[in-house]
Amino acid sequence: MLGFIARRFLLAIPSLFGLLVLTFFLIRVVPADPAAALAGENATPAQIAEVRRQYGFDRPIYQQFIIYLGQVARLDFGESAYSHRSVALDIKQRLPATLELTIAALLIGIVLGIPLGTIAAVHHNRWPDILLRILSVAGVAVAAFWFAIELQLLFAMELDWLPLRGRLGSTLIAPPTLTGFLLIDSLIAGRLDAFVDALRHLVLPTATLSLGALATIARFTRAGVLDTMQRDFVTYARAQGMPGRTLIWKFVLKNSVVAAITQIGLLFGSLIAGAVVVETIFDWPGIGFYTVQAILTADYKVMLAVTLLIGVVYAVVNILVDLIHGLIDPRLWEQL
Amino acid sequence: MLILRKFAKDRPALLGAVVVLVIVLVAILAPVLAPYPGDVSASHLLLRLKPPSWAHPFGTDNLGRDIFSRVILGARGALVVAVMVVGLAMLIGAPLGLIGGYYQRWGAEAIMRVTDLFLAVPQLILALALAQLMSPSLKTAMLALTLTYWPFFTRIVYAETRRLKAALFIDALQCIGASAPRILFLHILPNCVSPIIVRATIGMGFTVLVAAVLGFLGMGATPPDPDWGLAIAESRQYLPDAWWFSTFPGLAIFLTVLGFNLVGDGLRDIVDPRLRRSR
């Protein structure tokens, strides 16, 4: 197992290097003059030349790339032109907020999606199944930014049940930062008020973000369960008189969730893309919000660092997914 | 014909086809159907933010423009963007997939590695970054979306080409001396058409969605375009009072994407027998 993990990490290195090359050249080559973009609209030629020298844009591009590689190796991503702080520090402070949101959304997707998909498969072609099929197609067709605004409109503005934006109410003092996850930090500090408030703030963004994940997981679980139910061992167990519930929830489901779990790995990309939108609407102080700010201000150092971060997270998630596969279905170990 | 008959039996897919057809018709006839076609750029400040009524079924926006008309007029823009992006992505992606799948030289290998790289970055983030770097406008948004969507076509055409390359009829063609372009474009490509169509249909819905996000974030359509995403962005400062301002353009996006997805799913079930079984 350790050998497998090591091998997978080694395999991830060339693709991460490729990602580094791709983003560097896209971000540096596509704009006509990055220095002019950074200096702003009203900059004088002298100011632009100063920015160009400061950022090293006057050197040949391959030299710039080598310098950049050296910086990445030291995890030094430079200073953000937007926040005037170290990019690495910004990311470190903002990452937990995004992880809290995406993990919550993924958990909702799994905890609701797998049972819903199973129920739909058991009632194949009857109303629970048809309802789920409609909902799962609708779930991926709805524009997240619009859904978020409609949720805000209904639950925050009209009914006033839930907070409109942010991670914590402005009247509350945040618990001391240990993990960066507000839910965990507030529990460690014994601050139940902060915990409840953070949870309330989490509801609407999570609901928006989990929609696509929930639809996808439910759909693949349904397909997997339908597939498994046609297998011989199910017929055999039925013939032996095994109760339906035990059969479905214990044996069929275990043989069916592999496809759904593969989807979870692929879903992570769309969750991160979704976080960009959701964080912008809910003023969530995470990586997605940061990315949009960086893109809007042509802050290319942040853009480079964030794409690399996403690539790393993506690689790690996919390795984890393979590990979970192995745990559920030990036969897969031999193929890995 | 067989495909059509199977398709007709699939109720959700049929529903999707009807929705898509209606939206296409609305887009074509938009200037005729919209009750106030001049409301693309006009403003009637006396009619600001009026709730839905008989005269204005979807209400009016912050400049007093009829939202019903603007939603109808927006269909054209959304569909044009989707068709252009998916079409261009197909033109770039499919030939690359053919080359990547057919040849075994390093060039072909390089194409596939670059394709994988593009697929590893979330499409939305790449599109946002590219659109911003090329100075935001509707044209650059379309270019950015194309640049992020071609790898999907390359991937599927690559897989099909690899599979077909081993087929006996390709061996036969090689033996009688058919040139590589002839084999690729006259014999392999026609065999890839069905997965390409499925991908393109799903891609249409997806592109409408991502283009709306770009418009919403101010990196696509520019005012006074009747763009759906842009309208939702403009509506935010008038909430919660003008609920209709954001709700109806969003419903238009939802219906359009839903229609294309239903058709795409239906087609996929027909084309991919492995998935059909679980229906």
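In plain terms, the bigger the Kirkwood radius, the slower the diffusion; for chain A, with that radius from Cα pairs, at 4 °C and 1.567 mPa s, Stokes-Einstein puts D at 57 µm²/s. The mean count of C-beta atoms from other chains within 10 Å of the C-beta of residues in B:129-136, rounded to a whole number, is 6. Amide hydrogen proximity for A:Glu79: with H placed 1.01 Å from N in the peptide plane, the residues at 5 or more positions away or on another chain lying under 5 Å are A:Val87.
Here the 3J(HN,Hα) profile of the stretch A:143-152, calculated from phi with Karplus coefficients 6.51, -1.76 and 1.60 at θ = phi - 60°, is 6, 4, 5, 6, 4, 4, 5, 5, 5, 4 Hz, Gly and Pro shown as x.
Between A:His325, A:His201, A:His123, the GNM of chain A built on Cα springs shorter than 10 angstrom shows A:His123 fluctuating the most.
I need the shape label for the stretch B:103-203. Rule: rounded when a/c is under 1.5, else prolate if a/b > b/c, else oblate, with a, b, c from the alpha carbon gyration tensor. Before the final figure, lay out the partial values.
Numbers: a/c = 2.79, a/b = 2.27, b/c = 1.23.
It is prolate, given that a/c is not under 1.5 and a/b is the larger ratio.
Counting Cα-Cα pairs of the stretch A:234-336 in 10 Å increments starting at 0 gives whole-percent bin shares of 13, 29, 23, 18, 11, 5, 1. Of the residues B:Ala166, B:Ala129, B:Ala233, the one that moves most in a GNM of chain B with alpha-carbon contacts below 10 Å is B:Ala166.
Here the 3J(HN,Hα) profile of the stretch A:202-213, calculated from phi with Karplus coefficients 6.51, -1.76 and 1.60 at θ = phi - 60°, is 7, 4, 5, x, 5, 4, 5, 5, 7, 3, x, 5 Hz, Gly and Pro shown as x.
To make sure I understand the rule: partners must be aspartates and glutamates, Cα under 15 Å from the Cα of A:Lys92, and not fewer than 8 residues away in the same chain. Which ones qualify? Cα-Cα hits under 15 Å: A:Asp76, A:Glu79, A:Glu100. Using θ = phi - 60° in the Karplus curve 6.51 cos²θ - 1.76 cosθ + 1.60, the 3J(HN,Hα) couplings for the stretch B:236-243 round to 4, 6, 9, 8, x, 4, 9, 4 Hz; x is entered for Gly and Pro.
Between rounded, prolate and oblate, where does the protein assembly as shown land on the alpha carbon gyration tensor, with a ≥ b ≥ c its root eigenvalues, rounded for a/c under 1.5, else prolate if a/b exceeds b/c? Rounded is the answer for the protein assembly as shown, as its axis ratio a/c remains below 1.5.
With an a/c value of 1.5 or above and a/b larger than b/c for the gyration tensor axes a ≥ b ≥ c computed over the alpha-carbon atoms, chain B is described as prolate. Considering only A:Thr118, A:Thr179, A:Thr228, the mean-square fluctuation computed in a Gaussian network model of chain A, springs between alpha carbons under 10 angstrom, is largest for A:Thr179. Neighbours of A:Thr246, meaning other residues whose beta-carbon lies under 13 angstrom from its beta-carbon, give a summed charge of +4 when Lys and Arg score +1 and Asp and Glu score -1.
To the nearest ten degrees, helix A:87-122 and the longest principal axis of the Cα atoms of chain A are 20 degrees apart.
Throughout, read-outs are computed from the coordinates displayed, never taken from laboratory work. The structure displayed is predicted, hence computed values, not measured ones. Using ideal geometry, Cβ is built from the backbone for each residue, glycine included, and neighbour counts are taken over all protein chains shown.
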